[in-house]
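First up is the structure itself, then whatever we jot down about it.
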Amino acid sequence: MYAFEPTEEQQMLVEAVGRYAQSDLRTAARQAEEERSIPEKLIAKGWDLGLLQASIPEGYGGFGERSCVTGVLAMEELASGDLAGALAVSTPGLYAVPILLAGTEAQKQTVLPKVVSGAWQPYTAALIEYAYDFDPSDLRTIAKRDGKHYTLEGEKAFVPFADRAETILVYANLEGTTQAFLVPQGTPGMVVDEKREDLMGLNALPLHRVHLKGVQVPVEDRIGGDSGMDFQLVLASMQVASAGAAVGLSRAAFEYSRDYAKERDVFGVKVAQKQAIAFMLAEMATEIEAIRLLTWEAAWKLDTAKPDALHEAYLALTGAVDMAMMVTDRAVQILGGHGYIREHPVELWMRNARGFAMLTGLAIV
């Protein structure tokens, strides 16, 4: 059996991240969305909390040990402030964590210290493809072995900070399996669109399309070397991270709409006293708590290498996708006409929540 009580270290981390999420990310979210830019000092402050650094062992430049459970707790708190800000702060993890999980010893020693030993840098990863039937386990971007190189061909979408990244971790289909390759910025054949993706939400986060045409990668830059990587483990870590973020965003929408309903008078009665609204709030709270527990369990099973961990991670994400849309949609409904205007954050949370169904690969723990 496992406990539901965070350790003292986890509780301290959650409280620190929570303060940053509410006082910094939440207060800056609306302006960042409208201006399509997150202030670098805001990202730097989040980076200084040391979330990724605490997941990397000392031998690779960090100061801790990786824990999916701790990562999920932190991601929930970050996303409760602002999803775009949470993803921006955690973007270097997209690059570092897969190397920690599946890289060779030489890759870990060479790459990880560069990521975690200084200020935040836009190291990133490219997994998602612009396809209706996108499947991370059956990518259309192809890698082929060509002597001492792998040649990459394809197109990636929604790559955060791709225009600024020193190196991008590119996922591709190699003989039917998903593998990852280190591709430095400026490599011949890799072109990053200057124009950012235009999306329904997450406009504060710079996302770009990346084109790969005849890109040659040395064999030593395949993650895991000749034996490659177990992508399913990496994917499961992405799934629980996304589920944790969905819980945090949904919790924010629930708490805001609950407080509004308790304070708002309509015809002399508090909105929360109306039975239909009370039922909505009760169902929202129930679904959030159910998915939170499912996500915690999936993270714990990944940490303890349980045989059904990958299945649980998938269930956590699929449940979180539906829960986030239900909760944020009802938050807008509860505010009535006020829910549709930008004076209140619920409309932004609803737009951002829509992304969970298609943006697996933008977070990892």
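The values are calculated or read from the model by the stated rules, or taken from the named source; none is laboratory data. Fair warning: this is a prediction, and the values are worked out from it, not measured in the lab. Reconstructed Cβ throughout: ideal geometry from the backbone, glycine too, with neighbour counts over all protein chains shown.
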Quiz item: Which of (1) in contact with a strand residue (DSSP E or B) (Cβ under 8 Å, 6 or more places away or on another chain); (2) of a type in the set (A, V, I, L, M, F, W, C); (3) assigned to a loop (DSSP other than H, G, I, E, B) does residue 159 not meet, given it meets every other one?
Solution: (3)
Exercise. Only residues in segment 30-49 that are in contact (Cβ under 8 Å) with a residue 12 or more places away in the chain and farther than 14 Å from residue 81 by Cα count as the first member; pair them with residues that are surrounded by 15 or more Cβ atoms within 10 Å (Cβ to Cβ) and aromatic (Phe, Trp, Tyr), Cβ under 6 angstrom, at least 6 apart or cross-chain, and list the lot.
Key: 44/120; 47/120
Exercise. Could you please let me know if residue 161 is within 16 Å of residue 231 (Cα to Cα) and either crowded, with 18+ Cβ neighbours inside 10 Å or of a type outside the set (Gly, Ala, Ser) (or both)?
Key: no
Quiz item: Restricting attention to segment 217-263, which residues are basic (Lys, Arg) and touching a helix residue (DSSP H, G or I) at 6+ places or on another chain (Cβ under 7 Å)?
Solution: 251, 258, 262
Quiz prompt | Hits in segment 121-148 - residues which are surrounded by 20 or more Cβ atoms within 10 Å (Cβ to Cβ) and aromatic (Phe, Trp, Tyr) | solution = 123
Quiz prompt | Residue identified as within 20 Å of the chain's Cα centre (by Cα) and among the small types (Gly, Ala, Ser) among 331, 276, 353 | solution = 353
Exercise. Identify the single condition in (1) more than 30 Å from residue 68 (Cβ to Cβ); (2) loosely packed, with under 13 Cβ neighbours inside 10 Å that residue 286 does not satisfy, given that it satisfies every other one.
Key: (1)
Practice problem: Please verify whether segment 128-139 includes one or more residues that are at negative phi and under 13 Å from the mean Cα position of the chain (by Cα). | Solution: yes
Quiz item: Hey, does segment 315-328 have a residue that's within 19 Å of the chain's Cα centre (by Cα), of a type outside the set (Asp, Glu), within 16 Å of residue 71 (Cα to Cα) and crowded, with 18+ Cβ neighbours inside 10 Å?
Solution: yes
Self-check item: segment 2-21, subset modelled with pLDDT of 95 or more and within 18 Å of the chain's Cα centre (by Cα), residue farthest from residue 122 (Cα to Cα)
Solution: 18
Quiz item: Can you name the condition, by its number, that residue 111 falls short on among (1) in contact with a strand residue (DSSP E or B) (Cβ under 8 Å, 6 or more places away or on another chain); (2) under 21 Å from residue 236 (Cα atoms)?
Solution: (2)
Quiz item: If only one of 172, 180, 165 is within 21 Å of the chain's Cα centre (by Cα) and under 30 Å from residue 348 (Cβ atoms), which one is it?
Solution: 165
Quiz item: How many residues does segment 35-57 hold that are in a loop (DSSP other than H, G, I, E, B) and more than 14 Å from residue 161 (Cβ to Cβ)?
Solution: 8
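Only residues that are over 17 Å from residue 138 (Cβ atoms) and buried (at least 17 other Cβ atoms within 10 Å of the Cβ): list them for segment 164-180, please.
165, 167, 168, 169
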